[in-house]
Amino acid sequence: CLTRKRWTLENFDVGRPLGKGKFGNVYLARERESKFILALKVLFKKQLEKAGVEHQLRREVEIQSHLRHPNILRLYGYFHDSSRVYLILEFAPKGELYGELQRCGRFDERKSATYIAELADALQYCHSKNVIHRDIKPENLLLGANGELKIADFGWSVHTPSSRRSTLCGTLDYLPPEMIEGRTHDEKVDLWSLGVLIYEFLVGKPPFETKSHEETYRKISRVEFSYPDFVSTGSRDLIGKLLKHDPLHRLPILKVLSHPWVLEHSMKPPRQRKPTATATEGDTA
Ligand code: AK3
């Protein structure tokens, strides 16, 4: 049982590092008593204080404790010692989607549409609980044992609506106009990021990527991007309907799930379908 118990580092055997981050690394770990395999993210209190993000971490833990979805990485709990905070996380055996994209260069339509369907399903669930992730990008997407997508790192997530202007650190590539311009925003920011991701899966790089922050900023606020020839009409239609400057004009998340390009190429079976009398295990037809 990973809940209602006080954890300390003594409870875990810590193994190899799985990844490095700005505030600390994540390690493979095993709970000694149950032998349960998990991931342990170590964050340094000094660095969290210096960056003034302790409230975000508290919010992440609070938000994550209410989320249960096959495509959202579980955060089981946390503990701390004098210098560090530890997040007890579900282990994603196939690692970061970012790494897979680097290896492949870009994904075919089948793989892209499958990931997008999983992502849209998870986001639809988050939005139904008034949670927006706000930091959807390949680095924050992990892969489960069967290659299924898992959204991770809710460190930037909030309850809607939000007008918070926390300092934007890192890349602007996945952020919508209303966020880079510091306006109020809602769950429709994740729709924009979804559009950026479909493009990146299919092309191998995000649509507004440039060498400079300023140039990327300008391209985002003008929604200035183009498609290589090999990008299909169907995927262009979906990307175009998500990368709209006005958040109200973006395709709603449920319509992403039922978009013809997603339905045609996704390998993910539609959810919430009950088995019928004619579709049982023995059937081969
Ligand atoms: C396999 N990798 C919040 C703040 C600052 C599981 C950080 C694997 C992995 C894995 C977070 C996170 C994360 C999940 C994924 C960890 F204060 N939740 S990171 C790489 N490979 N399996 N997990 N990686 C703050 F601003 F809020 C810094 C966070 N939060 O990092 N949360």
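Only the coordinates and a few stated rules stand behind these numbers; no lab work does. Bear in mind that the values here come from a model prediction, so they are computed numbers and not experimental data. As a convention, Cβ positions derive from the backbone with ideal geometry for all residues, glycine included, and neighbour counts pool all protein chains shown.
Modelled label positions at residue 54 and residue 160, each set 7 Å beyond Cα in the direction of Cβ, lie 3.1 nm from each other.
What pairs from 46/111; 50/219; 111/219; 50/137; 219/268; 50/211 go past 30 Å between their alpha carbons? The partial results should precede the final answer.
Working: 46/111 41 Å; 50/219 32 Å; 111/219 28 Å; 50/137 25 Å; 219/268 33 Å; 50/211 28 Å.
Correct reply: 46/111; 50/219; 219/268.
Under the convention that each Lys and Arg Cβ holds +1 and each Asp and Glu Cβ holds -1, the size of the dipole of the chain around its Cα centre is about 640 debye.
Test of understanding: what is the full-extension gain from residue 11 to residue 171, defined as 0.36 nm times their sequence separation minus their Cα-Cα distance? Walk me through the numbers before you get to the answer.
Values: separation 160, 0.36 × 160 = 57.60 nm, distance 3.65 nm.
Contour length minus the Cα-Cα distance gives 54.0 nm.
Between residue 213 and residue 44, residue separation times 0.36 nm minus the direct Cα-Cα distance comes to 58.0 nm. Going by a ≥ b ≥ c, the root eigenvalues of the Cα gyration tensor, does the stretch 1-97 fall in the rounded group (a/c under 1.5), the prolate group (a/b larger than b/c) or the oblate group? Since a/c stays below 1.5, the shape of the stretch 1-97 is classed as rounded. Taking other Cβ atoms within 10 Å as a rough exposure proxy, 36, 208, 91, 230 sort from fewest to most as 230, 36, 91, 208. Among residues other than residue 196 with Cβ under 11 Å from its Cβ, the summed charge is -2 (Lys and Arg +1, Asp and Glu -1).
With both labels modelled 7 Å from their Cα along Cα-to-Cβ, the residue 148 to residue 34 distance reads 1.8 nm.
Which residues does the label zone of residue 232 cover in the stretch 111-137, counting backbone N under 14 Å from a point 7 Å along Cα→Cβ? Under 14 Å, as judged by backbone N against the label point of residue 232, lie 111-117 of the stretch 111-137. Separation of the stretch 95-118 and the stretch 176-247, taken as the distance between their Cα centroids, equals 17 angstrom. For the stretch 32-92, the set of GluC sites (Glu not before Pro) satisfying both a DSSP loop assignment and a count of at most 10 other C-beta atoms within 10 Å is given as 33. From the square roots a ≥ b ≥ c of the eigenvalues of the alpha-carbon gyration tensor of the chain, which class results: rounded (a/c under 1.5), prolate (a/b over b/c), or oblate? Judged from the Cα gyration tensor, the chain comes out oblate (a/c at least 1.5, b/c at or above a/b). As a proxy for reagent exposure, 190, 237, 229, 246 were ordered by neighbouring Cβ count within 10 angstrom, fewest first; the result is 229, 246, 237, 190. As a proxy for reagent exposure, ranking 169, 126 by other Cβ atoms within 10 Å from fewest up yields 169, 126. Our summary gives the stretch 166-258 a relative contact order of 31 percent, counting only alpha carbon pairs under 8 angstrom and 6 or more residues apart. Would you mind classifying the stretch 91-169 by shape? Square roots of the alpha carbon gyration tensor eigenvalues, ordered a ≥ b ≥ c; an a/c under 1.5 is rounded, otherwise it is prolate if a/b is larger than b/c and oblate if not. Judged from the Cα gyration tensor, the stretch 91-169 comes out prolate (a/c at least 1.5, a/b above b/c).
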